[in-house]
Amino acid sequence: MSKTEPKNSCNVGYNDTIEVYISRIEALLQGSGYKITKRSLALLLLQEDAEILGLVKEKEPGNFFEIEKAIGEAKAHYSQPLNYLISLRRQEEASLISGRVMVFGSKPKMGIQERLSRIMMNPLTGAPILLFVLYYGLYKFVGSFGSGFLVDFLENKVFINHINPWVTQWVTALIPFKLLQDLLVGEYGVITLGVRYAFAIILPIVATFFFAFAIVEDTGYLPRLAMLVDQLFKRIGLSGRAVIPLVLGFGCDTMATMVTRTLPTKRERIIATLLLALAIPCSAQMGVIFALLEGSPLGLVVWLGVIILVFLLVGFLAAKIMPGELPTFYMEIPPLRLPQFSNVLRKTWSRLKWYFKEIFPLFIFASLLIWLGQITGIFGVCVRILEHPIRALGLPDQAAVAFLFGFFRRDYGAAGLYDLKKAGLLSGNQLVVSCITLTLFLPCIAQLLMNVKERGIKMGIGMSIFILFFSFSIGYLVNLILNLLHIAL
């Protein structure tokens, strides 16, 4: 027995296969100074803890290859991750221990927090609460206040009336070259379009969403939402745990795709990635769509109904097509609490810093690509190609530019539709069809690259090709139904 091994240890027992590999890895750990038992080290190695892997690699250079080989062989025995199986066994042991030492009365007293918690997780009462949160937390606060009042103030009163004319005057006076003038202050200039979109349209929407999301997060509502949707999600091949990356997708789909790593099986990770790329609009895109459909409640209902239907249908079909076991789910439920204002501000600020660091440069990069596309003629060719499916949707040719923008940034495309609405070029039906199609449209470049990184190049490109044709097909179908039924939104 090593010096770090306690004399009266009480180990959790695992199945024979896992125990064999625990013993095998323990025998390979010859170093000293680990500060925890070799059995604990072996379990952490089987769970591929990054810190422990690095430590053991440093202390066991001669045996590390054999340790990695043992971990790989152990993983090959199971369809589910070892981390999940080990955690599940520990939970079973914890339940057995608590059952031996705890006694519950026939009618345990239930406080108001526990009653409210159960109400949130009950499908009959939890669904109306979810709708309430979505309506007042997203539609009214983000859609009306963020994308209505704040966007109108920043775009019209700040940028269009003051900043853009002032910058245009200075650039044209200081730079005599028309090509560089167009790059900075032209129709698709870095300042007049890229910076304006980023600060005047997208920033207030993202900021209000992050603030509302931080409030919901700080109350402890998200784990209860996971429990609420678990049974529904199981029908589309996911568990309630998937609600975390999917909800994060309403902030940024690129970041949420990376978070799908937390899902226990490859099958769940693929389905979640597909649904994020297809049917989850990011906060900025969703906020602009709320602004586009403001004053048209029926249009908003049609948009939301189609997106939810697509989400469930594609998820259901993907779960049927892809092989694998049904997901299981457990989650610790933290107590409900009133959100702390300092926590909400801290989370909002940290996410806004991430926005400026990661997303704002993409707006500048997108403007540069559009400028290059213009001077080389590639941009015009792509727009002319897109005009054909755009006409099939019953949309004006100018919408092709917005959809091309949508490939650079999905919210960039939504902001393009916002400009078309202000110009009076889109009717009620056209607004709904364009919003549905753009929501389902190709993921932006950043998300596409993340899909390729996380799921592989074949899967990432294959998803994008499917989404491209599927989005236009749904848009065409919605437009056809609206025309056949003579519905005017």
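The values are calculated or read from the model by the stated rules, or taken from the named source; none is laboratory data. Keep in mind the model is a prediction, meaning the values are calculated, not measured. All Cβ positions, even for glycine, are placed from backbone atoms using ideal geometry, and neighbour counts span all protein chains on display.
For the structure I just gave you, tell me whether Leu420 is more than 19 Å from Ser473 (Cα to Cα), among the aliphatic types (A, V, I, L, M), without any contact (Cβ under 8 Å) to a residue 40 or more places away in the chain and part of a loop (DSSP other than H, G, I, E, B).
no
Since Trp303 meets every condition but one in (1) under 27 Å from Phe363 (Cβ atoms); (2) without any contact (Cβ under 8 Å) to a residue 40 or more places away in the chain, which condition does it not meet?
(2)
Per-residue answers, yes or no, for (1) within 30 Å of Glu19 (Cβ to Cβ); (2) within 33 Å of the chain's Cα centre (by Cα):
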{"position": "Lys75", "(1), (2)": "yes, yes"}
{"position": "Asn83", "(1), (2)": "yes, yes"}
{"position": "Ile86", "(1), (2)": "yes, yes"}
{"position": "Arg90", "(1), (2)": "yes, yes"}
{"position": "Ile97", "(1), (2)": "yes, no"}
{"position": "Val103", "(1), (2)": "no, no"}
{"position": "Thr125", "(1), (2)": "no, yes"}
{"position": "Leu131", "(1), (2)": "no, yes"}
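With surrounded by fewer than 17 Cβ atoms within 10 Å (Cβ to Cβ), at pLDDT 85 or above and small (Gly, Ala, Ser) as the only criterion, which of Ala70, Ala94, Ala74 stands out? Steps first, please.
Details: Ala70 fails: surrounded by fewer than 17 Cβ atoms within 10 Å (Cβ to Cβ); Ala74 fails: surrounded by fewer than 17 Cβ atoms within 10 Å (Cβ to Cβ).
The match here is Ala94.
Working carefully through the options Val151, Val133, Val185, find the one that is β-branched (Val, Ile, Thr) and farther than 30 Å from Val247 by Cβ.
Val185
Is it the case that the range 309-329 has a residue that's under 21 Å from the mean Cα position of the chain (by Cα), closer than 30 Å to Tyr78 by Cα, at pLDDT below 90 and not in a helix (DSSP H, G or I)? Outline the logic, then answer.
Looking only at the range 309-329, we keep the residues that are under 21 Å from the mean Cα position of the chain (by Cα), and these are 309-319, 327, 329.
After this cut, where a residue has to be closer than 30 Å to Tyr78 by Cα as well, the list is 311-319, 327, 329.
Those left that are additionally at pLDDT below 90: 319, 327, 329.
Of the ones still in play, those that are also not in a helix (DSSP H, G or I) are 327, 329.
So far as the range 309-329 goes, yes, one or more of its residues are under 21 Å from the mean Cα position of the chain (by Cα), closer than 30 Å to Tyr78 by Cα, at pLDDT below 90 and not in a helix (DSSP H, G or I).
Could you check the range 67-92 and list, in sequence order, the residues that are out of contact with any Lys or Arg (no Cβ under 7 Å at 6 or more places or on another chain), within 17 Å of Arg39 (Cα to Cα) and touching a residue at least 24 places away in the same chain (Cβ under 8 Å)? Don't jump to the end; show me each part of the working.
Of all residues in the range 67-92, those out of contact with any Lys or Arg (no Cβ under 7 Å at 6 or more places or on another chain) come to 67-69, 71-81, 83-92.
Applying the additional criterion that residues be within 17 Å of Arg39 (Cα to Cα) yields 67-68, 71, 74, 83, 85-87, 89-90.
Within the range 67-92, Ile67, Ile71, Ala74, Asn83, Leu85, Ile86, Arg89, Arg90 meet the criteria.
Which pairs have Cβ atoms under 6 Å, sit 6 or more apart or on different chains, and link a residue in the range 371-393 that is of a type in the set (D, E, K, R) to one that is modelled with pLDDT of 85 or more?
Pairs that qualify, where the first residue is of a type in the set (D, E, K, R) and the partner is modelled with pLDDT of 85 or more, are Glu387/Asp397; Glu387/Ala400.
If Lys357 satisfies every condition in (1) surrounded by fewer than 18 Cβ atoms within 10 Å (Cβ to Cβ); (2) modelled with pLDDT of 80 or more; (3) more than 24 Å from Ile481 (Cβ to Cβ) but one, which is the exception?
Exception for Lys357: condition (2).
Can you tell which of Tyr84, Tyr21 is part of a helix (DSSP H, G or I) and either in contact with a strand residue (DSSP E or B) (Cβ under 7 Å, 6 or more places away or on another chain) or modelled with pLDDT under 85 (or both)? Explain how you work it out, then say what you get.
Details: Tyr21 fails: either in contact with a strand residue (DSSP E or B) (Cβ under 7 Å, 6 or more places away or on another chain) or modelled with pLDDT under 85 (or both).
Sole residue among the options that is part of a helix (DSSP H, G or I) and either in contact with a strand residue (DSSP E or B) (Cβ under 7 Å, 6 or more places away or on another chain) or modelled with pLDDT under 85 (or both): Tyr84.
Restricting the range 226-262 to residues that are in contact with a Lys or Arg (Cβ under 8 Å, 6 or more places away or on another chain) and assigned to a loop (DSSP other than H, G, I, E, B), which is surrounded by the fewest Cβ atoms within 10 Å (Cβ to Cβ)?
Gly251
Please tell me if Glu51 is closer than 16 Å to Glu26 by Cα, part of a helix (DSSP H, G or I) and in the same structural domain as Ile22 (by TED's automatic domain parsing). Explain how you work it out, then say what you get.
Working: closer than 16 Å to Glu26 by Cα: no; part of a helix (DSSP H, G or I): yes; in the same structural domain as Ile22 (by TED's automatic domain parsing): yes.
It is false that Glu51 is closer than 16 Å to Glu26 by Cα, part of a helix (DSSP H, G or I) and in the same structural domain as Ile22 (by TED's automatic domain parsing).
Rundown of residues vs (1) of a type in the set (Val, Ile, Thr); (2) under 30 Å from Gln181 (Cβ atoms); (3) not in a helix (DSSP H, G or I), yes/no style:
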| position | (1), (2), (3) |
| --- | --- |
| Met110 | no, no, yes |
| Glu114 | no, no, no |
| Arg118 | no, no, no |
| Ile129 | yes, no, no |
| Tyr136 | no, no, no |
| Phe159 | no, yes, no |
| Pro165 | no, yes, no |
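Take the range 97-139 and flag every residue that is of a type in the set (D, E, K, R) and at pLDDT 75 or above.
Result: Arg100, Glu114, Arg115, Arg118.
Hey, among Phe199, Phe210, which residue is hydrophobic (A, V, I, L, M, F, W, C), within 23 Å of Arg346 (Cβ to Cβ), in a helix (DSSP H, G or I) and under 16 Å from the mean Cα position of the chain (by Cα)?
Phe210
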